Amino acid sequence: MNTRQISLLIAGLLWIVVGLRIASRGLTWLEPYFQQPDWHLALLGLSVIIGIVKAMTVLRKAVQRRIDKADEIDDSPINYLIGWIKLLGSRGVIVITIMICIGIGLRFWRSHGGDPFNIFGFIYLGIALALISSSIFFFKAIKNR
């Protein structure tokens, strides 16, 4: 595998790992609804649909922009380690940092009495499904590089 393919593989795996972590948190918050199902489970279906639609539209375009940057990665030895960072670019790093800060803020707010209906669980699950399902675009691009 060349550096472009390895960078795409690492980026795809990173999206899966982050998605699984977010899904774990969301499912933990939704546990009361699984134990006593009621109308809230309809929100679970809605978050799944929103997550998949987001993956096929918004995140697909974002991944394609990252994939297009793969051609800028040369085969120097250091890029085998940090090529995936070049895929993200400075704008991507800023967006990820903002998203992490928002997540920390949401968890802080939730732990201090916010979100009595576990809405964040549905949001987290939708985001997780979008990340996990859109990571496939990274893996598909490996063949072409």
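Helix-only arithmetic for the chain: the sum of -39500 (n - 2.57) across DSSP H runs with n ≥ 4, divided by the residue total, places the mean residue ellipticity at 222 nm at -26500 deg cm²/dmol. Fully extending the segment from Phe34 to Asp71 would add 8.8 nm, taking 0.36 nm per residue of separation and subtracting the current Cα-Cα distance. Normalising the average separation of contacting C-alpha pairs (under 8 angstrom, six or more residues apart) by the number of residues puts the relative contact order of the range 3-142 at 59 percent.
For a paramagnetic label modelled on Gln64 (point 7 Å from Cα along Cα→Cβ), amide N atoms under 20 Å away belong, within the range 114-145, to 130-145. Placing unit charges on each Cβ (+1 for Lys and Arg, -1 for Asp and Glu) gives the chain a dipole about its Cα centre, and among Tyr124, Tyr33, Asn79 the Cα reaching farthest toward its positive end belongs to Asn79.
Looking at the chain, what % of the alpha carbon pairs are farther apart than 28 Å? Intermediate results must be reported in sequence, preceding the final value.
On the way: 2847 of 10440 pairs.
Result: 27 percent of Cα pairs exceed 28 Å.
Each reported figure results from applying straightforward, stated rules to the coordinates on display, with no laboratory input. This is a predicted model, so every value here is computed, not measured. No Cβ is skipped: glycine too gets one built from the backbone with ideal geometry, and neighbour counts run over all protein chains shown.
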